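*Asks:* The structure's right below; bear with me while I get my questions together.
The values are calculated or read from the model by the stated rules, or taken from the named source; none is laboratory data. No experiment lies behind these values; they were computed from the predicted model shown. A quick note on method: Cβ atoms are made from the backbone with ideal geometry, for glycine too, and the neighbour counts reach across all protein chains shown. Please note that ligands, DNA and RNA were not included when accessible areas were found on the heavy atoms of the full protein model with its side chains. Shrake-Rupley method; radii C 1.70, N 1.55, O 1.52, S 1.80 Å.
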Amino acid sequence: QPLQTSVDWRVELKFKYLISSFKMLSTIARGSVCHRTSSSGHQRLRCQRNLSSSRPTTKTTYLGRELSVDSENDSVTQDLLEKAIQSVPFKDWLHQMEDCQDRMEIQSLKIQSVDLFGKRVGFLKFMTEIKDAKDQIQKKFVFMRGGAVAVLVILECEKEEHTLLVCQDSTPIAIQRFPSLPAGMLDGDGNFGGVAAREIEEETGIKIEQKDLVDMTEMVYGETKSRGMYPSLGGSDEFIRLFVVKKEISKFQLEGVFQLENREIQLGRSRRKIDRSTI
């Protein structure tokens, strides 16, 4: 009878150990990290959920070595992660960061959101840890949307000059019929003048030859690395390259410009209403 009690006790202990091990392995499989702690002379397991371990991750090349690029939340899938690191604005930014390694060296990078315009990346937001010149680590947040072009259109009619503006309802700034220069995103296209000419035709209906555009950014900075004016460099990579064009038109053509008001136009896959105004 004493021997039988001893055997039952050992079987019960082994059974409890197997159940405990099974629970630990199940927790790890769900993406958890377990820590062994001691309390009142007994060992027990304390598990903490590690959600990031199961999220998508990929790698890119930075300073001749692999850099991990991770998803920070479930909305950024593996496919979106790959599209993000292959987008032109991101690759341009990463290349420029290599030239800044003495003062800004990337330590980690997490993608927070990716917005697609059709099949291409339109907007990208990420957090990166940067080691500065004093070897201190700083967290930086980047809203990436790439560059854009804007064109000052001067129409000369019977020795009078008119400036053409587009007026549109703007949700981001919450203003109706806000006047602005004809402008558009580069969409990864390095042909600034070509994009500018296309935007003028799309938004105003006026055809402009690329050779007639004057690149004001190049006039000011020359052929340097400056790609344009940076309106929000504290948190965004957006730059705007400015052009000007002057075109002589007849009175009949000028009247035709006024008739373009309240015209709804197709821009890519979206439609938006743009009014034309002349000053």
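*Asks:* Looking at GLN176, is it surrounded by 12 or more Cβ atoms within 10 Å (Cβ to Cβ) and farther than 17 Å from ILE249 by Cα? Step through it out loud before you land on a result.
*Replies:* Details: surrounded by 12 or more Cβ atoms within 10 Å (Cβ to Cβ): no; farther than 17 Å from ILE249 by Cα: yes.
It is false that GLN176 is surrounded by 12 or more Cβ atoms within 10 Å (Cβ to Cβ) and farther than 17 Å from ILE249 by Cα.
*Asks:* Are any residues in the range 121-142 in a strand (DSSP E or B) and surrounded by fewer than 13 Cβ atoms within 10 Å (Cβ to Cβ), and if so, which ones?
*Replies:* Taking the range 121-142 and keeping what is in a strand (DSSP E or B), we get 121-131, 137-142.
Passing the criteria: ILE137, GLN138, LYS139, PHE141.
*Asks:* Does at least one position in the range 226-240 carry a residue that is free of Cβ contacts under 8 Å to residues at least 24 places away in the same chain and at positive phi?
*Replies:* no
*Asks:* Within the range 219-269, restricting attention to residues that are at pLDDT below 80 and charged (D, E, K, R), which residue is most open to solvent (accessible area, probe 1.4 Å)?
*Replies:* ARG269
*Asks:* Give the residues of the range 193-216 that are of a type in the set (Asp, Glu), surrounded by 14 or more Cβ atoms within 10 Å (Cβ to Cβ) and free of Cβ contacts under 8 Å to residues at least 40 places away in the same chain, sorted by residue number.
*Replies:* Within the range 193-216, the first condition is being of a type in the set (Asp, Glu), and the residues that meet it are 199, 201-203, 209, 212, 215.
This time we only want the ones that are surrounded by 14 or more Cβ atoms within 10 Å (Cβ to Cβ), so: 199, 202-203, 215.
Passing the criteria: only ASP215.
*Asks:* Taking THR58 as the residue in question, decide whether it is surrounded by 15 or more Cβ atoms within 10 Å (Cβ to Cβ), at pLDDT 95 or above and of a type outside the set (A, V, I, L, M). Steps first, please.
*Replies:* On the way: surrounded by 15 or more Cβ atoms within 10 Å (Cβ to Cβ): yes; at pLDDT 95 or above: yes; of a type outside the set (A, V, I, L, M): yes.
It is true that THR58 is surrounded by 15 or more Cβ atoms within 10 Å (Cβ to Cβ), at pLDDT 95 or above and of a type outside the set (A, V, I, L, M).
*Asks:* Could I ask something else about it? Just checking, which of LEU67, LEU124 is within 12 Å of the chain's Cα centre (by Cα) and at pLDDT 95 or above?
*Replies:* On the way: LEU67 fails: within 12 Å of the chain's Cα centre (by Cα).
That would be LEU124, the only listed residue that is within 12 Å of the chain's Cα centre (by Cα) and at pLDDT 95 or above.
*Asks:* Can you say whether GLU156 is in contact with an Asp or Glu (Cβ under 6 Å, 6 or more places away or on another chain), of a type in the set (D, E, K, R) and closer than 27 Å to LEU254 by Cβ, as far as the supplied structure shows?
*Replies:* On the way: in contact with an Asp or Glu (Cβ under 6 Å, 6 or more places away or on another chain): yes; of a type in the set (D, E, K, R): yes; closer than 27 Å to LEU254 by Cβ: yes.
It is true that GLU156 is in contact with an Asp or Glu (Cβ under 6 Å, 6 or more places away or on another chain), of a type in the set (D, E, K, R) and closer than 27 Å to LEU254 by Cβ.
*Asks:* Within the bounds of the range 36-55, is there any residue that is open to solvent by 50 Å² or more (accessible area, probe 1.4 Å), in a helix (DSSP H, G or I) and modelled with pLDDT under 55?
*Replies:* The answer is yes; a qualifying residue exists.
*Asks:* Which residues, taken from the range 168-206, are in a loop (DSSP other than H, G, I, E, B), modelled with pLDDT under 85 and within 13 Å of VAL245 (Cβ to Cβ)?
*Replies:* ILE206
*Asks:* Is there a residue being in a strand (DSSP E or B) and modelled with pLDDT of 50 or more anywhere in the range 86-105?
*Replies:* For the range 86-105, residues in a strand (DSSP E or B) and modelled with pLDDT of 50 or more: present.
*Asks:* Which of (1) crowded, with 16+ Cβ neighbours inside 10 Å; (2) in contact with a strand residue (DSSP E or B) (Cβ under 6 Å, 6 or more places away or on another chain); (3) under 30 Å from GLN101 (Cβ atoms) is the odd one out, the single condition LEU164 does not satisfy?
*Replies:* With respect to (1) crowded, with 16+ Cβ neighbours inside 10 Å; (2) in contact with a strand residue (DSSP E or B) (Cβ under 6 Å, 6 or more places away or on another chain); (3) under 30 Å from GLN101 (Cβ atoms), LEU164 is out only on (3).
Conditions tested, residue by residue: (1) under 21 Å from ASP115 (Cβ atoms); (2) out of contact with any Ser or Thr (no Cβ under 9 Å at 6 or more places or on another chain).
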{"position": "ALA174", "(1), (2)": "yes, yes"}
{"position": "PRO179", "(1), (2)": "no, no"}
{"position": "ASP187", "(1), (2)": "yes, yes"}
{"position": "GLU202", "(1), (2)": "no, yes"}
{"position": "GLY222", "(1), (2)": "no, yes"}
{"position": "SER226", "(1), (2)": "no, no"}
{"position": "VAL245", "(1), (2)": "no, yes"}
